[in-house]
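The values are calculated or read from the model by the stated rules, or taken from the named source; none is laboratory data. Just so you know, these numbers come straight off a predicted model, no measurement behind them. Heads up, the Cβs are rebuilt from the backbone with ideal geometry, glycines too, and the neighbour counts pull from every protein chain shown.
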Ligand code: PMP
């Protein structure tokens, strides 16, 4: 605490990211990274950008990358916003679109950055309980007292996907309020809402290159929405940082969209490994929520999650355990890694029981 702090700083409760330890042989399944990383085309593009004009500022409008993303999704370039990871895109969305008189609704069990942004921007939060089976109930968001909505699809940390028909119903039923769908994990099996943007002026969909495209270290995220929503994001962005994406990130991100084969192959491999991981966990006595993400959320029928977490760590396997809220305190969130990492996790888990 310091008397030099701006008053708001005293009240902030910052987000705590998963740890990034550097240890040889660590089986790191705690932050939902993609085990395969980017393909060679991305690395070559970054290498080329590295030797090319780093003394110059990058394009503040990221026009080339936005063109590539627009073409990929079949939208106009004015409907694409890019930022330094989707966390930054979401932060700008909170400031530019989700701050209103009436509160912002999001699931009570969801991405824990949302309440942090609410604290930073002075937004009244309205947590909406998930159903007993941990699904999102769209009807709970139709209350006229709600002034804006955000949720991840698939949800985090449950991994459960909301069907597109439900999202369509929500955005159609609440044309008066902005709805942000955070599709950070959409590449692993959920239906994207990007196709609804054309017909719904209130919908913004955010994506990241951190998960499906294996580029968490490059920090690139984007959002798709009709031009007025994107203009709001740009106004905030240009009041904050003109150059959130550096030249290396712009080049690598654009190249990623040019290598569809790598994207398809690696995301399919992650989905296939997820199925073997789920079966292995079930065989060990876990209940696993249906996952459409690159992680699974699982609780054991008898064993305590905090103890399992600690036992795995001793064996060099790190996963994520959230002590709060109470309802998920006995779950572990386990990233889907390679087949080898999954086997190592299951082996370590077996010996923790043994
Ligand atoms: N949304 C959700 C639901 C996430 O879990 C994450 C990753 N922590 C993000 C957004 C942000 O990802 P990034 O900033 O790497 O794009």
- prompt: Out of segment 285-315, which residues are more than 14 Å from residue 350 (Cα to Cα) and in contact with a helix residue (DSSP H, G or I) (Cβ under 8 Å, 6 or more places away or on another chain)?
  reply: 288, 291, 292, 293, 294, 296, 297, 298, 299
field: Positions within segment 331-354 being surrounded by fewer than 18 Cβ atoms within 10 Å (Cβ to Cβ) and farther than 26 Å from residue 271 by Cβ, in sequence order
entry: 351, 353, 354
task: Specify the residue that is farthest from the ligand (Cβ to nearest atom); the eligible residues are those in segment 104-115 that are touching a helix residue (DSSP H, G or I) at 6+ places or on another chain (Cβ under 9 Å) and more than 15 Å from residue 179 (Cα to Cα).
output: 108
- prompt: Taking the condition more than 16 Å from the ligand (Cβ to nearest atom) and assigned to a helix (DSSP H, G or I), does residue 66 pass?
  reply: yes
- request: Return the total of residues in segment 198-211 being crowded, with 23+ Cβ neighbours inside 10 Å, in a loop (DSSP other than H, G, I, E, B) and more than 8 Å from the ligand (Cβ to nearest atom).
  value: 0
statement: Counting only residues that are under 21 Å from residue 249 (Cα atoms) and in contact (Cβ under 8 Å) with a residue 40 or more places away in the chain, segment 183-217 contains a total of 14
field: Qualifying positions in segment 25-39 - assigned to a loop (DSSP other than H, G, I, E, B) and either within 16 Å of the ligand (Cβ to nearest atom) or surrounded by 10 or more Cβ atoms within 10 Å (Cβ to Cβ) (or both)
entry: 26, 29, 30, 31, 32, 33, 34, 35, 36, 37, 38, 39
query: Looking at segment 14-24, is at least one residue assigned to a helix (DSSP H, G or I) and in contact with a helix residue (DSSP H, G or I) (Cβ under 6 Å, 6 or more places away or on another chain)?
result: no
query: Does residue 169 satisfy the criteria of being surrounded by 17 or more Cβ atoms within 10 Å (Cβ to Cβ) and modelled with pLDDT of 95 or more?
result: no
Filtered residues of segment 277-301 (kept if assigned to a helix (DSSP H, G or I) and closer than 20 Å to residue 190 by Cβ): 277, 278
